[in-house]
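S.K.: Okay, handing you the structure first.
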Amino acid sequence: MAGSSSGMVAGLTAAALAAVGFLAYQASANVPEDLRQPATAVRSPGAEPSGSATDQRRPDPLAVPAKSGKGLRVVYALGERRVWLVGADGKATHTFPVAPSTVSPPPGTYEVTSRSAGIRGSDGVPIEHVVRFATVDGVSIGFSAAVDGSMPYPDPARKTGGVRMKRADGDAMWDFAVIETKVVVVP
């Protein structure tokens, strides 16, 4: 009898799994089109890896955005949350994702106005390689890297102007963006 009861449990388990599989398929097949997301669009908060949904809108996500000016410049794409360091020849020498601040500059052309090797950010986090280029409603906007290497998204209830990047990217920004370097912000 033990053999027949384990066979019955196995049969019931198989039937239950088949029913769950069928119901899962049926549910996924009936999701409205506007709620469907490809598996590649799922990412953790604060992560903006290459290959994200924003990258897929452009044929070459690492190419410098069109209409971002000419010559040596920093290009900051608000929508893509990405920065390009562009040489005098118009080619990117470095590109990287950033975590935006709560206060963003409007699209336009700016220039680096000040730099600080290391300070405490407006969010209280020790930061380095601060490159400031704009002021919006009394909030200084600039690129920086957290000393602890984090790239957290800022508290939306606070007005912060720090556009955060990884430390290695902060090193590249620091070496590239001296006072009066052009910064072009695009949508």
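Just so it is clear, none of the values below were taken in a lab; they were calculated from the coordinates. Note that the coordinates shown come from a computational prediction; the quantities given were computed from them, not determined experimentally. Here Cβ is always computed from backbone atoms with ideal geometry, including for glycine, and neighbour counts include all displayed protein chains.
S.K.: Apply the a/c threshold of 1.5 to the C-alpha gyration tensor of region 133-172 and tell me whether it is rounded, prolate or oblate. Before the final figure, lay out each step's value.
M.R.: On the way: a/c = 3.70, a/b = 1.47, b/c = 2.51.
Since a/c reaches 1.5 but b/c is at least a/b, the shape of region 133-172 is classed as oblate.
S.K.: Continuing with this model, one more query. With a cap of 12 neighbouring Cβ atoms within 10 Å, and only residues DSSP puts in a loop, list the GluC sites (Glu not before Pro) found in region 90-185.
M.R.: E180
S.K.: Right, something else. Between beta-carbons, use under 12 Å as the cut-off and find the net charge around S144, counting Lys and Arg +1, Asp and Glu -1.
M.R.: +2
S.K.: Ok, one more. List the lysines whose Cα sits under 21 Å from the Cα of K67, skipping any in the same chain fewer than 8 residues away.
M.R.: Reachable lysines: K91, K182.
S.K.: Amide H of F96 versus every other amide H placed in the peptide plane: which residues, excluding those fewer than 5 positions away on the same chain, fall under 5 Å?
M.R.: HN-HN under 5 Å from F96: V83.
S.K.: Also, I was wondering about something else. If packing is taken as the average number of other Cβ atoms within 10 Å across a peptide's residues, how do 173-179, 63-69 rank, most packed first?
M.R.: Numbers: 173-179: 17.1, 63-69: 14.3.
Highest to lowest by the protection proxy: 173-179, 63-69.
S.K.: What ranking do 101-107, 162-168, 88-94 get when scored by the average of other Cβ atoms within 10 Å per residue, highest first? Spell out each step's value before the answer.
M.R.: Details: 101-107: 17.6, 162-168: 20.4, 88-94: 12.0.
Answer by packing, highest mean first, reads 162-168, 101-107, 88-94.
S.K.: Between region 134-163 and region 106-120, what is the C-alpha centre distance in whole Å?
M.R.: First find each Cα centre; the distance between them is then 11 Å.
S.K.: Then there's this: Can you bin region 69-131 into rounded, prolate or oblate? Criterion: square roots of the alpha carbon gyration tensor eigenvalues sorted a ≥ b ≥ c, rounded for a/c under 1.5, prolate for a/b above b/c, oblate for the rest.
M.R.: Values: a/c = 1.92, a/b = 1.57, b/c = 1.22.
The shape class here is prolate.
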